[in-house]
Amino acid sequence: MEAGDANLHQTDDNGDKSDEEEKEDRATQSLLNKLIRSNVVNNTNQVEVLQRDPNSPLYSVKTFEELRLKPQLLKGVYEMGFNRPSKIQENALPMMLAEPPQNLIAQSQSGTGKTAAFVLAMLSHVDPSLKWPQCLCISPTYELALQTGKVIEQMGKFYPEVKLAYAVRGHKMERGVKIKEQIVIGTPGTVLDWCIKLKLIDPKKIKVFVLDEADVMIATQGHQDQSIRIQRMLPKGCQMLLFSATFEDSVWKFAERVVPDPNIIKLKREEETLDTIKQYYVLCNSKEDKFNALCNIYGAITIAQAMIFCHVTNWLAVEQRAAVIERFRDGKEKVLITTNVCARGIDVEQVSVVINFDLPLDKDGNPDNETYLHRIGRTGRFGKRGLAVNMVDSQRSMEILKTYERHFNKKIGRLDTDDLDEIE
Ligand code: ADP
């Protein structure tokens, strides 16, 4: 394998991370999940809907036409390749587009269509003839804000009268200059500055407020308070929308402070299984051996895309990494190398080959069943068939492999990397 074939992206997996680093990881994982995903995640679970007014009829839509979107927006939706609403969108969109506006808390795993849903809601509620901010969306990091901004730009492609401003670090603005853009997306600190210190935005004129990635948001020092301060400046009657991929108690408490009288939509994560995965291990005696085995496997995989997990300590900034991951998603890169830490929360559904160059371990160096399953497992009947290869290079790693085999009660066969017919 030539150096140029694979790109190295990783965080330092020294197993001794501070809380701050753990938090940063969540934002990084979330960004990588967005970048790597080219399709909406299918999910066979039932959407749970809790309506604020249990007597009002429950609306759900199966087509975008039923939503009576502005033609420019419907065109944007189709141009993005969306044929029908995703599972979460079926319920969330009618609620968000209802008159009078309804508040919403929605939780579903990454990739289920939350961003697309609230972007469509924001674009629908904007009055392009009014030249001031009407929709405000806050995101936990600069990169995530930019990513969401891209979706707004894409979906609003045929609605050019609607403009977007980024309230993020580095976007220097002078005090008192009024912002004319109808939608503002940014991070909480800068948005607060724009509202209070610089007075660029009049929060009283905001009609739709979106708080995205609430779970990542509260993991960052200060973001929770800043978000609540922003929310308190908004007028009565402003629509409040909050989204999260997970729903721990802390997220829930925060959500209830930010969103009064909410409707609630939840979609449980689909269970992962190893049923559709062929699992193998390769015995290696040395580092060199391991590398050679990897090269052989790489050579044998002609079409598939592979993700390789290993412990390495080398840094690349997220911005740089993002570009390579996008190339990987678009099929221009065949291999993505990543480490344990940054991979724990990454969804690899569309990757058909996963190589554990180093087996997953928890902080204390013990087997970590959940991470093993999440790295190589697939969800339900939508999951494509996959191949997982584990590199075993010591007595200890053999023991760990056996633990995984026993735990999941699935055989992990030995693979001879000099004879790879079996895996093609
Ligand atoms: P989330 O915010 O839940 O992570 P996104 O809105 O980013 O999910 O959607 C995940 C991926 O699925 C994106 O690539 C997006 O363009 C695509 N997508 C979203 N909604 C649909 C839809 N209704 N049909 C097809 N693809 C969709």
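Values computed for the structure shown
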{"item": "Accessible area of segment 186-337 belonging to carbon and sulfur atoms, whole % at 1.4 Å probe", "result": "51"}
{"item": "Of all accessible heavy-atom area on segment 139-184, the percent that carbon and sulfur account for (1.4 Å)", "result": "55"}
{"item": "Theoretical gain in end-to-end length, Glu48 to Lys197 [0.36 nm per residue, Cα-Cα removed]", "result": "49.5 nm"}
{"item": "Neighbourhood charge, 14 Å Cβ-Cβ cut-off, centred on Leu104 and excluding it, Lys, Arg +1 and Asp, Glu -1", "result": "-3"}
{"item": "Heavy-atom SASA rank of Arg329, Arg414 (probe 1.4 Å, accessible area, largest first)", "result": "Arg414, Arg329"}
{"item": "Carbon and sulfur %, accessible surface of segment 35-116 computed with the full protein complex present, 1.4 Å", "result": "49"}
{"item": "Sequence-distant lysines (8 or more away, or on other chains) whose Cα lies within less than 26 Å of Lys290", "result": "Lys278, Lys332, Lys334, Lys363, Lys402, Lys410, Lys411"}
{"item": "Within segment 122-159, trypsin sites (Lys or Arg not before Pro) in DSSP loop having at most 11 other beta-carbon neighbours inside 10 Å", "result": "none"}
{"item": "Cα lying deepest toward the dipole's positive end in segment 161-263, options Pro188, Ile206, Gln231, charges on Cβ", "result": "Ile206"}
{"item": "By accessible area with a 1.4 Å probe, ligands and nucleic acids excluded, highest first: order of Glu48, Glu370, Glu272, Glu248", "result": "Glu370, Glu48, Glu248, Glu272"}
{"item": "Segment 115-233, dipole about Cα centre (Lys/Arg Cβ +1, Asp/Glu Cβ -1), debye to the nearest 20", "result": "540"}
{"item": "Solvent-accessible heavy-atom area per residue, rounded to whole Å², over segment 198-265 at 1.4 Å", "result": "41"}
{"item": "Gap separating the Cα centres of segment 240-290 and segment 198-216, nearest whole Å", "result": "26"}
{"item": "Whether segment 153-241 is rounded, prolate or oblate, judged on the alpha carbon gyration tensor where a/c under 1.5 counts as rounded", "result": "rounded"}
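The values are calculated or read from the model by the stated rules, or taken from the named source; none is laboratory data. The model shown is predicted, which means the values in this text are computed figures rather than measured ones. Don't worry about glycine lacking a Cβ; one is built from the backbone with ideal geometry, like all the others, and counts go over all protein chains shown. All accessible areas refer to the heavy atoms of the entire protein, side chains included, with ligands and DNA or RNA removed. Shrake-Rupley method; radii C 1.70, N 1.55, O 1.52, S 1.80 Å.
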